[in-house]
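Everything on this sheet refers to the single structure shown next.
The values are calculated or read from the model by the stated rules, or taken from the named source; none is laboratory data. Everything numeric in this text was worked out from a predicted model, so none of it was measured. Please note: Cβ atoms are built from the backbone with ideal geometry, for glycine as well, and neighbour counts cover all protein chains shown.
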Amino acid sequence: MKIGNYSFDEYLHLVKSFHGSLAPGLVIGGFMVDLALKSLPEGELFDAICETPVCLPDAVQLLTPCTVGNGWLTVLPFGRYAVTFYEKYGGEGVRVYLDPAKMEAWPETKAWFFKLKPKKEQDARRLFEEIREAGEKLLSVQRVRVRPETLRRKKMGPVAACPQCGEAYPVRDGERCRACGGESPYR
Ligand SMILES: [Zn+2]
């Protein structure tokens, strides 16, 4: 059993060092990315979409050249456990998602995913054993076509110095930068 170019245990090791902990979602995410990549034609350039910011983006960043920083990975705040890889010009792609119907055969995984038990009652060992055994059996694959407006990368456009903080910001945001406009995360 391999996840990308790694053995299962090598992948777990990578997850721990990159993500800081061995999150079950990231182990399943490894199988998801692996299945998606296997379902794509070779030799084309792909971008990725994660439909949740939780865990899954790290599986994409560990196993593919797509990262948030290079713009090849888009993270959507939908909270759906799904990842799509698509041909970056035409938009033809493959979407892999964690399928609740298939989780029926894997009770510990279902209990974890749907938060059916408090964390301290979860059997972590059994959960990881299930995930390892189930792998792709928890997943479903769809062919998708990404909308043209999503394919076009959003350019920053003209830049100016904000009259309030003096830092550079994209002019399309208005008279001042968004932080000075009230969206600053700092007190
Ligand atoms: Zn400002």
- Message: Can you pull out every residue in the range 137-153 that is exposed (fewer than 10 other Cβ atoms within 10 Å of the Cβ) and out of contact with any Gly (no Cβ under 8 Å at 6 or more places or on another chain)?
- Response: E149, R152
- Query: In the range 87-120, what residues are of a type in the set (S, T, Y) and in contact with a Lys or Arg (Cβ under 8 Å, 6 or more places away or on another chain)?
  - Reply: Y97
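Considering every residue within the range 140-150, establish whether at least one is more than 16 Å from the ligand (Cβ to nearest atom), touching a Leu at 6+ places or on another chain (Cβ under 8 Å) and assigned to a strand (DSSP E or B). Don't jump to the end; show me each part of the working.
Our first condition is that a residue be more than 16 Å from the ligand (Cβ to nearest atom); within the range 140-150, this holds for 140-150.
Imposing the further condition that a residue be touching a Leu at 6+ places or on another chain (Cβ under 8 Å) reduces the set to 141.
Filter once more, so that each one left must be assigned to a strand (DSSP E or B): 141.
Within the range 140-150, one or more residues are more than 16 Å from the ligand (Cβ to nearest atom), touching a Leu at 6+ places or on another chain (Cβ under 8 Å) and assigned to a strand (DSSP E or B).
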- Across the range 5-19, the tally of residues that are in contact with a strand residue (DSSP E or B) (Cβ under 6 Å, 6 or more places away or on another chain) and among the charged types (D, E, K, R) stands at 0
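With more than 24 Å from A36 (Cβ to Cβ) and either within 16 Å of the ligand (Cβ to nearest atom) or not β-branched (V, I, T) (or both) as the only criterion, which of A111, A134, A101, A105 stands out? Before you say what the answer is, go through the steps one by one.
Values: A134 fails: more than 24 Å from A36 (Cβ to Cβ); A101 fails: more than 24 Å from A36 (Cβ to Cβ); A105 fails: more than 24 Å from A36 (Cβ to Cβ).
So the residue among A111, A134, A101, A105 that is more than 24 Å from A36 (Cβ to Cβ) and either within 16 Å of the ligand (Cβ to nearest atom) or not β-branched (V, I, T) (or both) is A111.
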- Residue by residue through the range 28-40, note down the ones that are at pLDDT below 95 and in a helix (DSSP H, G or I). L37, K38
- Odd one out for Y86, checked against (1) on the phi < 0 side of the Ramachandran plot; (2) without any contact (Cβ under 8 Å) to a residue 12 or more places away in the chain: (2)
- Message: Please go through the range 160-187 and give me each residue that is in a loop (DSSP other than H, G, I, E, B), within 10 Å of the ligand (Cβ to nearest atom) and either in contact with an Asp or Glu (Cβ under 9 Å, 6 or more places away or on another chain) or not charged (D, E, K, R) (or both), ordered by number.
- Response: C162, P163, Q164, C165, G166, C177, S184
- Odd one out for L127, checked against (1) more than 16 Å from the ligand (Cβ to nearest atom); (2) out of contact with any Asp or Glu (no Cβ under 7 Å at 6 or more places or on another chain): (2)
- Item | Within the range 9-68, considering residues that are of a type in the set (S, T, Y) and under 10 Å from the mean Cα position of the chain (by Cα), the one surrounded by the most Cβ atoms within 10 Å (Cβ to Cβ) | T52
